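Visitor: Quick one: this structure, given as structure tokens, is what I'll be asking you about.
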Amino acid sequence: MSQISRRQFLQGGTLFAGTLALTACGGGANEDATSTQVADEAAAGEGATADEAVATTDYTTVEEGKLTCISNLFFPPFESMNESTGEPEGFDIDVSKSLAEHMGLEVNWLPSQDFDTLVPTIKNGGKADVAIAGMTITDKRKEEVDMSDPYVDSNQSIVIKSGTDETAETLDDAEKVIAVQSGTTGQEWAQENLPNATIKPLSTIIEAMSGVQTGLYNAVVCDLPVSKYQIKTSYTDLEIIEEIPTGEQYGIAVSKDNPGLLEAVNSALAAMESDGSMDAIEAEWFGSAL
Ligand code: ARG
């Protein structure tokens, strides 16, 4: 994405390192959190060049030297669990690794949690620094947490089992069950646009798709990149009947108590856009830049 402003770069960031090391202080809202100074050397080492070093800001992390991340890890290709290694993988996982690298931190992923608990967890603080979850930037979420600059564009989709001949019109009926992931923008879209249908909030999109496959539900409303990927790789007997141009953008959720971290995340995202890291991650998971 090119929208991310270059204003967030500090030219010759290494010059600032000495000064800021002296002025670095705890001062975070969270008492047992550790204060972290962004390491310019680390940012300059991989990817970013010295004159495009990431801005140095003062912020806290729940674990010293680590960027602790949470997500709902059932949302491929953005995030999922690799069955053989048991490790999280996906677009957002690669984003988190590059983000941490640009910030001079190590990445630390916590176990998957329900999507609708991510914003409250970040808001409450103390457990994780960021939620990276294909999370749409919405005004409602921005009341609870800060959201980073956008890093992916997305839309919604309606998915049915091939051959069932459902349409958006036939689905808008109390007899029809529309599966959604609880707390998502897909749920919101379904509630607003299929007001007569029975909306079934589930804990994962995988459950929703499997349920459509077995005939338990009539349709799923979910993010288009995810439904496209799922239909191509696993759910080949499902089809997209409607692409809905909601114009959503994904951002990374950060606590409002940690404005320095939001700034550092935005600077790192900008560096990832300009040094090609983001394009490489897009190519890896979507075949080419989105
Ligand atoms: N983009 C949608 C939203 O923000 C769905 C995100 C679901 N993410 C996940 N990791 N399960 O509501």
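Visitor: Within the range 190-207, which residues are open to solvent by less than 40 Å² (accessible area, probe 1.4 Å), among the hydrophobic types (A, V, I, L, M, F, W, C) and either part of a helix (DSSP H, G or I) or more than 21 Å from Asp165 (Cα to Cα) (or both)?
Guide: Within the range 190-207, Ala190, Leu202, Ile205 meet the criteria.
Visitor: For the range 158-189, name all the residues that are assigned to a loop (DSSP other than H, G, I, E, B), closer than 23 Å to Ser71 by Cα and away from the ligand (no atom under 13 Å from the Cβ).
Guide: Of everything in the range 158-189, nothing turns out to be assigned to a loop (DSSP other than H, G, I, E, B), closer than 23 Å to Ser71 by Cα and away from the ligand (no atom under 13 Å from the Cβ).
Visitor: Here's a check for you: in the range 208-255, which residue that is assigned to a helix (DSSP H, G or I) and of a type in the set (S, T, N, Q) is most open to solvent (accessible area, probe 1.4 Å)?
Guide: Among those residues, the one meeting the criterion is Thr233.
Visitor: Going residue by residue through the range 63-78, is there one that turns out to be more than 23 Å from Thr185 (Cβ to Cβ), surrounded by fewer than 20 Cβ atoms within 10 Å (Cβ to Cβ) and in contact with a helix residue (DSSP H, G or I) (Cβ under 9 Å, 6 or more places away or on another chain)?
Guide: yes
Visitor: While we're on this one: Quick one: in the range 238-281, of everything that is of a type in the set (D, E, K, R) and within 16 Å of the ligand (Cβ to nearest atom), which residue is farthest from Ile178 (Cα to Cα)?
Guide: Glu248
The values are calculated or read from the model by the stated rules, or taken from the named source; none is laboratory data. Treat the numbers as computed from the prediction; the structure is a model and nothing was measured. Positions of Cβ are generated from backbone atoms using ideal geometry, with glycine treated the same way; all protein chains shown enter the neighbour counts. For accessibility, only protein heavy atoms count, side chains too; no ligands or nucleic acids. Shrake-Rupley method; radii C 1.70, N 1.55, O 1.52, S 1.80 Å.
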